Amino acid sequence: MTSMHRREFIRQAGLSAAVLPFIVGLPSLALAAPARPRQRLIVIFSPNGTIPPAFWPDEVGRDFALKPILTPLASFKDRLLLLQGVSNKVRGDGDGHMRGMSCLLTGIELLPGNIQGGGKSIPAGWASGISIDQEIKNFFQRSETTRTRFGSLEFGVGVQDRADPWTRMSYAGSGQPVAPISDPYQMHEKIYGQMKDRESLRSVLDPLKAELARVRQMISAEDRRVLEEHEVLVRQLEREIADHASQTLREGPPVIERGVADQNDNVPRLSRMQIDLLVNSFVNDMARVATLQYTKSVGGARMNWLDITDGHHGLSHEPDTDLVAQAKLIKINTWFAGEVRYLADKLAATPEPGGDGSMLDHTLIVWTNELGKGNTHTLDNLPFLLLGGGFGFAMGRALKFEKIPHNRLHLALAHAVGHRLTTFGKAELCSGGPLALS
Amino acid sequence: MSLTNHQRLVLALGLIALGFVVACSGPAARGPVAGKKIFSQQCADCHGDHGQGVEGKYKDALYGDWALPQLTRYIAKNMPDDHPASLSATEAGTVATYVYEAFYSRAAQVRNHPARVELAHLTNRQYAVTVADLLRQFAEPDAPAPTSQGLNATYYSTAVRGRFDATKITHTGIDAELNFTFTAGSEARRRAGGTADFSVQWRGAITADETGDYEFVVRTPNSVRAWINSEPVEPVLDINVSTPENPDHRVTLRLLGGRSYPIGIDYWALPEKAGSPVTPALALRWKPPRGSERPIPARNLLPATPKPTFVVTTRFPADDSSQGYERSISVSKAWDEATTNAAFEVANHVVKKIDRFAGTRPADAARAQKIEAFAAKFVAAAFRRPLAADETQRIVTDLLRAAPEEAAGLRRVVLLALKSPQFLYVGLPAANSEDMRTAARLSFALWDSAPDRELAQAAAAGRLRTRAEIAAQASRLLADPRAPAKLREFFFHWLQLRFVDDLRKDATLYPDFTPELVDDLRTSLGLFVDGVVWSEASDFRELLRADYLVANERLAKFYGLPPPPPGEFARVATPAGQRAGVLTHPYLLAALSYKTSSSPIHRGVFLTRSIVGRALKPPPMAQVFDEASFEPGMTMREKVVRLTRSENCQGCHAVINPLGFSLEWYDATGRFRTEENGRPIDAASDYVVDENEKMRFGSARDVAEFAIASEHANHAFIEQLFHHLVKQPLMAYGPDTIVDLRNSFIASGYNLKKLMADIATLSALPGARPALSAVTPPHSP
C-alpha cells in the first residue's frame, strides 16, 4: 500500500506521475531566504487535565512567576504566552473527554455515532469539522511559497492502536480523523523511505546492466534492438539517481535507536525519538505543521520512570484533597513540560535555515490538554501554553480571559499565518473574532 | 467501447472500398515488367514506388482483400485519379496484376513483411498474474474450493470490541448475502440471541470475476473490522467509530479476475441507549470494475479459506494493441519506471514478511542461510528456470553479502530479479534450459503466468519434448482456474465488450434498464460464455446458436422470459427462433445501439469484423447520423439505407448493412420485437459472400450458421484466439498452421478446449513445427 500512498501524494501535490518515485522526496534544498519569513506550528497534547494551582501563575501580565509544573520552561519564560480562561464551549453528544479531545482543535460538535462515553452521555462519533492544524496545513499547501512535501506530520507517543474520539484530535474534515503515527520507525520510513529506495536501486544497477549485456549476447540481431533500448533506459535511470545524489538533505536522517518497542515503559525514549524526527523534518522543510500527541484522552500511562505506578487517568480522578495524588499529577505534568522544553531547546539551538535567528524564532509551540482539570472534567480553563515565535504574538506574558471560546484562539492562529478566516469550527463561538495576542 | 453514447456515427465512405476483403484467388502472373512500368509512370506519384502511399497525396498503403477481377475493374474505371478510365483494358489488367502480386494481396503482404516470433516482455496482465503466482508458490496451496455459496457466520450474544466470547455463541451457519438490519424482534436479531448487545463473525472467501479495482463498502452504524485479501492482523477496514448519517466505510482493492481471496468481518453492536440514533445493521457491498455499487451477491462468496494473493497496484502504460491483441514488443521510459515501482512493491512486501517467506524467525541462528536459500529460490522462480552457479553468486550471494543487513540485502535481490530481462522477457534463451522455455511458452499461452511446480518438474525431467507430452500438460493447465480467467478476457475482447463504460438508455423509453440490470447483463454474458466453453462439449457452435439466456429474475422479467429460481442466475429458455447465442445477447445488442434505437451499422460492423472475419479499414470520412434529417415514421433500416445508398458507401455497406439488418429484431436494450414504430420488422436482405455468391440473411441465426460453416470466418476466429493466447503473429508459425488448426477444430466438433490446447501446444513446441494432424488425431464429432 506504500506505493498507493506515494501516488496519492503525488497526485495531490499536482506532480506528474512520470517523476515517480525517485525524483520526488527531497524538498527544494536551496532553502534560499523566503520572501516571507517561514512560520511553523507545533501542537502538543498531554491528557487528563492539569493541576491549576501548580500551573497557572498568580499574576497577569509580563511580570509573573512560574508555578512548579512550568519550572522546566524557566529558561524560555520570556518566550511563553499563558492563556488562562480559554474554554472549549462546544456541547452536544459525547462525554466530556470525547468532546474535550475531538473538539479541542476542531471547535465543533461531534457527529452522532456509536461510541458510548461515560455517564449518561449520548453516544457520538467523530468530530464534524476540520481541525486548526489541518486547516493551516491546507492553507500552506495551497501556496507555492509555503508548500512542503508533507504539509503536516502527526506524531504520537504511546497513543495505542485504537481509533475513537478519545484518541484523535486532528481531523482532515468532518468524520475524517487523522491518525498520529506512534511508531518512530514508521515515521522514519514515511519521511526517509524514498532515500532508502534510491539507495537500494542504485546498488543493483551495475549487476542489472551486466545482466542486460549478458542476455543481449544470446539473442538474435533483430531482437537485440529492444534490449538495447532497454539498456538506454537503465542508463537514464542511473543518471537520474546520480543527479539526485548530488542533492543532499540539509541534515541527514537522524540516527534513531534501534528496536525500541512501542510500549508504556519506553515512552520517554519514544518521546525523544519522535521529537528528534520532528525537528529533523522541519530542518529539511518536509512540513511546516506538526502535532505531537502524548497518549490520548483518558490516557492511562503508568509513568514508572517517575516512580509512579498508578495509571495517569485513574490518578486524575482523585479529589484535590488527595495530596499524594496531587503531587504525583504535578510530577507527571512537570515531566510533560520537560519534553516541551527538550523540543524548544532543540529548536532554539538550530539556526533557521536560510533565515535569521533560530528555528524557534519561526516556530510556535502550542501545548494543551483536553480538560482544564481532571477530577471535574471541566472544559473551561484549558491549559493553553504558547512558546516560541514567528506568529507576531507578544510573548513573555500571562493573560487571563473570562471563559472565552477556544475557537477565537484558533482564529488567532489562522490570522497570524495570513489565513483570514471569519469563523472557525462552530460559527456562534467565534463572535469577537480572533483573540488579540500581539 | 460505448457506441450508445455517440450521437455521431462514423460511416465508411469512398475509397475504403479498396481496403475491403473478399476472397483470394489469384490468377496467373503476366507481364510483371510491363505492369511495373505502367505503375511507376501512372500511379507511383500518388501511391509510392511500392504502393506504400505518399504523404499529401494518397497516404495509405495499397493492400486489401479484393480478388484480382474486382481490383482490375476498379482500376479500369477509376484510375488514374486525374484521367479516370484512360487505361486500355489490357493496361488495366496488367497494372492490376502487378499491384496485386507485388504488394496488394495477402500473399504479397506476407512475403513482403514476413512475420516472426519477436522478443516480447510481459504484458501488463502477465506481469500481475506472474507476480501473484510467484509469491503464492511460497505459501501452502489452498484446499479445493467448496461448491456452496455464502460466508460462515458465528453469532454471539455479547459485544466487547476486539473480542468474541466462545461461551456466548447463539448461532452458527452460512449467510448467503450480508445485508442485515438487526431491529429488535427481527429474525436476524433473534439469531444473535435477542440480547441488547451482540456480535457476529463472518469468515470465507470472495471471488472476483474480472481484474480491476474493487471498491468495497461495509455499511454499518456500529463497529466493524474487515480484512479482504489480507491477514486478519492486517485489516483493510478497522472501524470503531461510525455515524448513522454516513455509515459507509470504503476501501478500494485491486483484484485479479477468476481468483478467490480471503475475507473476514468482525462486527460488534453495543446496546442502543435511549436517545441514540443507532439501529444495528450491517451490509457488505462492492462496486466491481465497470459495475455499479450493490450488495456482494452470494455467488461471489464462498465458505472457503484461501490464502491472500499479492496483487501489484502499480499502473503500467497500456500494452500495444495495434495488431488487434495485446503484446509487448517495445520498451518505453514509462514502462521502465513502472517496472521499477512494481519491483519495489514486491520487494517491500517480501521484506515485510521476510521471516515467513524464508521460514525462519529473528532469533534463528541459521536465519542468514535460510534467507539466502529463499532468495535463490525466489530468483529461480522469477527467471522460470534453475540458476547456474555463477548466477546464484552474482544475483544472490554477492548482493546479500554487500548489504548492511539481511532485509536490505533481500530487498536488493528482489529488485534485481524483477528488473532483470530474465524475468521481464518471455522465452529468452539460456544455457541448458530449452525444456524450461517450452514450459514457459505453454504456461504463458494458457495462464499468462510462469510454469507451476508440476510443469517445471516435467520440464526438468525431460518429459516435455514430444507433442504428446506437451499436449497432455496443456490439458492439465486448461483445468486450472487460471485458464478460464485468461480466456474470459479473450471472449469479452472478441465480442468487443471488455471496456463498456456507459450503457445507459433513454430513461423515458426504457425506465427499467437500470445500472443494476446492466451489471446483470455483463454477469449473464460471462456465465453463458464460461458455461459453454468449460462444458464437456466446449462447442463453439453453441456460442453462436444457443437458444437460451443465462438470466436472474430481474433479467427474465425485463426480457419477458420465464423466471429462474430466486436469487440465482440460471438458463432460461427463449421462444423458438428468437435468440442465437452471443450474437443476440442483450448485453452485446445494447452496447451496439443508441440510447433510443438500435444501430444496424454498429451491429453490422461488429458482425463483419468479429464474426464473419472480414477486414474493414477505418473510414476516411465521417458522417453524422442526424436523427432530425429523416422524416418521422421511417424505420431505422430505411434511415440506414438512405444514408448509405451512394455507390461509394455501398463498397462496404453492401456487406455491413445486411449483417446489421439481420439484428433488427432487437431494440436498443436487446429486447426482441416484431415491429418498430408500428411497422413490421424487415430483417431480410442479401449478403454478398463473394463475386459469385449471395446469401439471404433474415436473422442472427442465419449469420451464425454462415459463420460456423465459413472457412474464412473460422480462420478469423482461430487467428484471434491464437493471438490472444500466444501474443505472437500466427503467420510466424508457418502458412499452413491456420489450416491445420481449423481442420483439427472441425474434426473435434468445434471443441474450444481442444483448439486452445492445440494452439498452446503448437506455440510451445521447440524448433520445427510439423503438421498438427501428425500427432493429434482428429476426434470424430
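The values are calculated or read from the model by the stated rules, or taken from the named source; none is laboratory data. Please read all numbers here as calculations on a predicted model, not as lab measurements. Don't worry about glycine lacking a Cβ; one is built from the backbone with ideal geometry, like all the others, and counts go over all protein chains shown.
Mind checking which residues of the range B:292-339 are touching a residue at least 12 places away in the same chain (Cβ under 8 Å), of a type in the set (Gly, Ala, Ser) and surrounded by fewer than 20 Cβ atoms within 10 Å (Cβ to Cβ)?
Hits for the range B:292-339 are B:Ser292, B:Ala298, B:Ala318, B:Gly324, B:Ser332, B:Ala334.
Answer yes if at least one residue in the range A:60-74 is over 30 Å from B:Ser223 (Cβ atoms) and within 21 Å of the chain's Cα centre (by Cα), and no otherwise.
Yes - at least one qualifying residue is present in the range A:60-74.
Output the residues belonging to the range B:249-270 that are farther than 16 Å from B:Arg225 by Cβ and touching a Phe, Trp or Tyr at 6+ places or on another chain (Cβ under 9 Å).
Matches in the range B:249-270: B:Thr252, B:Arg254, B:Leu255.
Say we look at the range A:170-189 and pick out the residues that are touching a Phe, Trp or Tyr at 6+ places or on another chain (Cβ under 8 Å) and within 14 Å of chain B (Cβ to nearest Cβ); which of these is nearest to A:Asn138 (Cα to Cα)?
Residue satisfying both the conditions and the ranking: A:Tyr171.
Return yes or no: is B:Val331 touching a His at 6+ places or on another chain (Cβ under 6 Å) and assigned to a loop (DSSP other than H, G, I, E, B)?
For B:Val331, the condition - touching a His at 6+ places or on another chain (Cβ under 6 Å) and assigned to a loop (DSSP other than H, G, I, E, B) - is met.
When residues of the range A:202-221 are filtered for being facing chain B (nearest Cβ under 7 Å) and out of contact with any helix residue (DSSP H, G or I) (no Cβ under 9 Å at 6 or more places or on another chain), how many remain?
1
Every residue, every condition in (1) surrounded by 16 or more Cβ atoms within 10 Å (Cβ to Cβ); (2) outside the structural domain of B:Arg673 (by TED's automatic domain parsing); (3) of a type in the set (Val, Ile, Thr); (4) under 21 Å from the mean Cα position of the chain (by Cα), yes or no:
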residue: B:Pro515; (1), (2), (3), (4): no, yes, no, no
residue: B:Ser535; (1), (2), (3), (4): no, no, no, yes
residue: B:Arg545; (1), (2), (3), (4): yes, no, no, no
residue: B:Ala556; (1), (2), (3), (4): yes, yes, no, no
residue: B:Gly560; (1), (2), (3), (4): no, yes, no, no
residue: B:Gly567; (1), (2), (3), (4): no, yes, no, no
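Yes or no: B:Ala590 part of a loop (DSSP other than H, G, I, E, B), modelled with pLDDT of 95 or more and within 23 Å of the chain's Cα centre (by Cα)?
Taking the combined requirement at face value, the residue does not satisfy it.
Does B:Leu428 meet the test of being touching a residue at least 24 places away in the same chain (Cβ under 8 Å), closer than 15 Å to A:Lys196 by Cβ and within 14 Å of another protein chain (Cβ to nearest Cβ)?
Here the answer is no, as B:Leu428 does not meet what is asked.
Take the range B:387-409 and flag every residue that is more than 10 Å from chain A (Cβ to nearest Cβ) and touching a helix residue (DSSP H, G or I) at 6+ places or on another chain (Cβ under 8 Å).
Once the filter is applied, which keeps residues that are more than 10 Å from chain A (Cβ to nearest Cβ) and touching a helix residue (DSSP H, G or I) at 6+ places or on another chain (Cβ under 8 Å), the range B:387-409 yields B:Leu387, B:Thr392, B:Val396, B:Thr397, B:Leu400, B:Arg401, B:Glu406, B:Ala407.
Mind listing whichever residues of the range A:354-406 are more than 28 Å from A:Gly314 (Cα to Cα), polar (S, T, N, Q) and in contact (Cβ under 8 Å) with a residue 60 or more places away in the chain?
A:Thr363
Mind checking which residues of the range B:228-282 are acidic (Asp, Glu), facing chain A (nearest Cβ under 10 Å) and either part of a loop (DSSP other than H, G, I, E, B) or crowded, with 21+ Cβ neighbours inside 10 Å (or both)?
B:Glu234, B:Glu245, B:Glu272 - these are the residues of the range B:228-282 that are acidic (Asp, Glu), facing chain A (nearest Cβ under 10 Å) and either part of a loop (DSSP other than H, G, I, E, B) or crowded, with 21+ Cβ neighbours inside 10 Å (or both).
Does B:Ala338 count as within 14 Å of chain A (Cβ to nearest Cβ), modelled with pLDDT under 95 and under 24 Å from A:Leu237 (Cβ atoms)?
Details: within 14 Å of chain A (Cβ to nearest Cβ): yes; modelled with pLDDT under 95: yes; under 24 Å from A:Leu237 (Cβ atoms): yes.
When the stated conditions are applied, B:Ala338 passes them.
Of these, B:Arg412, B:Arg441, which one is within 14 Å of chain A (Cβ to nearest Cβ), charged (D, E, K, R) and in a helix (DSSP H, G or I)?
Result: B:Arg412 is the single residue among B:Arg412, B:Arg441 that is within 14 Å of chain A (Cβ to nearest Cβ), charged (D, E, K, R) and in a helix (DSSP H, G or I).
Tell me whether the range A:38-61 contains one or more residues that are at pLDDT 95 or above, of a type in the set (Phe, Trp, Tyr) and not in a loop (DSSP other than H, G, I, E, B).
Taking every residue of the range A:38-61 in turn, at least one turns out to be at pLDDT 95 or above, of a type in the set (Phe, Trp, Tyr) and not in a loop (DSSP other than H, G, I, E, B).
Would you please list the contacts, defined by Cβ atoms under 6 Å and residues six or more apart or on different chains, that run from a residue in the range B:691-703 that is on the phi < 0 side of the Ramachandran plot to a residue that is polar (S, T, N, Q)?
B:Phe697/B:Ser662; B:Ser699/B:Ser662; B:Ala700/B:Thr584; B:Ala700/B:Ser662; B:Val703/B:Ser662
Do the conditions hold for B:Gly26, that is, is it modelled with pLDDT under 85 and assigned to a loop (DSSP other than H, G, I, E, B)?
Details: modelled with pLDDT under 85: yes; assigned to a loop (DSSP other than H, G, I, E, B): yes.
In short, yes.
Which one of these is at pLDDT 90 or above and surrounded by fewer than 20 Cβ atoms within 10 Å (Cβ to Cβ): B:Asn648, B:Asn743?
B:Asn743
Considering A:Arg302, A:Arg239, A:Arg288, which residue is free of Cβ contacts under 8 Å to residues at least 12 places away in the same chain, of a type outside the set (A, V, I, L, M) and either in contact with a helix residue (DSSP H, G or I) (Cβ under 9 Å, 6 or more places away or on another chain) or over 30 Å from B:Ala388 (Cβ atoms) (or both)?
Working: A:Arg302 fails: free of Cβ contacts under 8 Å to residues at least 12 places away in the same chain; A:Arg288 fails: free of Cβ contacts under 8 Å to residues at least 12 places away in the same chain.
A:Arg239 is the lone residue from the list that is free of Cβ contacts under 8 Å to residues at least 12 places away in the same chain, of a type outside the set (A, V, I, L, M) and either in contact with a helix residue (DSSP H, G or I) (Cβ under 9 Å, 6 or more places away or on another chain) or over 30 Å from B:Ala388 (Cβ atoms) (or both).
Is the range B:368-381 home to any residue that is of a type in the set (S, T, N, Q), out of contact with any Ser or Thr (no Cβ under 8 Å at 6 or more places or on another chain) and away from every other protein chain (no Cβ under 14 Å)?
Here is the first cut: in the range B:368-381, the residues of a type in the set (S, T, N, Q) are B:369.
Right, trim to out of contact with any Ser or Thr (no Cβ under 8 Å at 6 or more places or on another chain) and you get B:369.
Remaining after also requiring away from every other protein chain (no Cβ under 14 Å): B:369.
Yes - at least one qualifying residue is present in the range B:368-381.
Taking the options B:Thr305, B:Thr309, name whichever one is in a loop (DSSP other than H, G, I, E, B), closer than 25 Å to B:Pro144 by Cα and in contact with a helix residue (DSSP H, G or I) (Cβ under 9 Å, 6 or more places away or on another chain).
Values: B:Thr305 fails: in contact with a helix residue (DSSP H, G or I) (Cβ under 9 Å, 6 or more places away or on another chain).
Criteria check complete, one pass: B:Thr309.
Give me a count of the residues in the range B:341-367 that are of a type in the set (Gly, Ala, Ser), within 14 Å of another protein chain (Cβ to nearest Cβ) and surrounded by fewer than 20 Cβ atoms within 10 Å (Cβ to Cβ). Break it down into steps so the answer makes sense when it comes.
Step one: of the range B:341-367, the residues of a type in the set (Gly, Ala, Ser) are B:342-343, B:347, B:358-359, B:363, B:365-366.
Going one step further and asking which of them are within 14 Å of another protein chain (Cβ to nearest Cβ), we end up with B:342-343, B:347, B:363.
From what's left, surrounded by fewer than 20 Cβ atoms within 10 Å (Cβ to Cβ): B:363.
Summing the residues that are of a type in the set (Gly, Ala, Ser), within 14 Å of another protein chain (Cβ to nearest Cβ) and surrounded by fewer than 20 Cβ atoms within 10 Å (Cβ to Cβ) in the range B:341-367 gives 1.
In the range B:313-328, what residues are closer than 20 Å to A:Leu233 by Cα and either of a type in the set (A, V, I, L, M, F, W, C) or assigned to a loop (DSSP other than H, G, I, E, B) (or both)?
Scanning the range B:313-328 gives B:Thr314, B:Arg315, B:Phe316, B:Pro317, B:Ala318, B:Asp319, B:Ser328.
Take the range A:145-173 and flag every residue that is closer than 23 Å to A:Gly118 by Cα, of a type in the set (S, T, N, Q) and surrounded by fewer than 17 Cβ atoms within 10 Å (Cβ to Cβ).
A:Gln160, the sole residue that qualifies.
In the range A:69-98, which residues are in contact with a Pro (Cβ under 9 Å, 6 or more places away or on another chain), more than 30 Å from B:Thr243 (Cβ to Cβ) and either among the basic types (Lys, Arg) or in a helix (DSSP H, G or I) (or both)?
A:Ile69, A:Leu70
Looking at A:Ala337, is it under 21 Å from the mean Cα position of the chain (by Cα) and either among the hydrophobic types (A, V, I, L, M, F, W, C) or outside any helix (DSSP H, G or I) (or both)?
yes
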